[in-house]
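The values are calculated or read from the model by the stated rules, or taken from the named source; none is laboratory data. Given the structure is predicted, the values throughout are model-derived calculations rather than measurements. Cβ sites come from the backbone with ideal geometry, for glycine too, and all protein chains shown count toward neighbours.
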Amino acid sequence: MAATHGRYLQAWAPPGFMWGPWLDTYGQGGGTSTYKIVFESVSQGKSPFEAEIEYYQGSELKREVVNGPGSHTFRMGMCACVARIRFRSFTMGQDIRVTLATN
């Protein structure tokens, strides 16, 4: 299947070490699919940040923390479930643009 691009979300990475609110990214029902999330700061003052991604593989909940800006690819499925993401910044609060794609 060809990659699908163009779905965007806006997120907030608060300053300090608190996580921002969760954003639902993908819904899944049935088989497995591979997903890619790209995240970048659109704030004028850039700061390093982290993304926490939560998703299911069958009945097992997976959580991964990755540095931003960047991207993350994961495989989710064999469930009726939702993947979600949230962010935190280490110094200044950041507006984050999230791009969603499927492969």
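Some points to look at:
- Residue 31 falls short of the stated requirement of being part of a strand (DSSP E or B), in contact with a Gly (Cβ under 8 Å, 6 or more places away or on another chain), on the phi > 0 side of the Ramachandran plot and small (Gly, Ala, Ser).
- Of the criteria (1) at pLDDT 95 or above; (2) over 19 Å from residue 81 (Cα atoms), which one residue 46 fails: (1)
- Qualifying residue in the stretch 49-57 (condition: polar (S, T, N, Q) and not in a strand (DSSP E or B)): no
- Some residue of the stretch 20-27 being in contact (Cβ under 8 Å) with a residue 60 or more places away in the chain, of a type in the set (D, E, K, R), buried (at least 17 other Cβ atoms within 10 Å of the Cβ) and within 18 Å of residue 100 (Cα to Cα): no
- Long-range neighbours under 6 Å by Cβ, at least six apart or interchain, first residue free of Cβ contacts under 8 Å to residues at least 40 places away in the same chain within the stretch 42-53, second part of a strand (DSSP E or B) and of a type in the set (Asp, Glu): 53/64
- Residues in the stretch 62-77 that are under 25 Å from residue 31 (Cα atoms), loosely packed, with under 15 Cβ neighbours inside 10 Å and in contact (Cβ under 8 Å) with a residue 24 or more places away in the chain: 71, 73, 75.
- All positions within the stretch 78-103 that are assigned to a loop (DSSP other than H, G, I, E, B) and farther than 21 Å from residue 28 by Cβ: 90, 91, 92, 93
- The combined condition, being in a loop (DSSP other than H, G, I, E, B) and within 16 Å of residue 97 (Cβ to Cβ), is not fulfilled by residue 36.
- Among the residues listed as 33, 43, the single one being out of contact with any Asp or Glu (no Cβ under 9 Å at 6 or more places or on another chain) and polar (S, T, N, Q): 33
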